[in-house]
Amino acid sequence: MFSCVECGERVPDGRKALGIDTCTTCGEANARKVKHTIAPMHKSNYMVFTNMEDLKGINNKGGLIK
């Protein structure tokens, strides 16, 4: 077992083998900090956006408007 890099709690070696260096509690808190949305593109596929500024005006027929 090793210690979590954020809180120092003991973590099973299986998480370290997966490349995860935090406990489940700290990992859950870190995952909730990341926000994203999925938007359909006009006559295309779905895209993942993490920056909401990129999403503004993306599906306008006249082109990208910001």
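The values are calculated or read from the model by the stated rules, or taken from the named source; none is laboratory data. No experiment lies behind these values; they were computed from the predicted model shown. Every residue, glycine as well, gets a Cβ built from its backbone with ideal geometry; the counts of neighbours run over all protein chains shown.
Inside the chain, counting only helices (runs of 4 or more DSSP H) that do not spill past its ends, which hold 1 or more residues that are over 17 Å from the mean Cα position of the chain (by Cα) and modelled with pLDDT of 85 or more? Once the helices (runs of 4 or more DSSP H) in the chain are filtered for at least 1 residues that are over 17 Å from the mean Cα position of the chain (by Cα) and modelled with pLDDT of 85 or more, what remains is 13-17. When region 29-50 is examined, which residues are found to be surrounded by 10 or more Cβ atoms within 10 Å (Cβ to Cβ) and closer than 30 Å to Val5 by Cα? Passing the criteria: Ala29, Asn30, Thr37, Phe49, Thr50.
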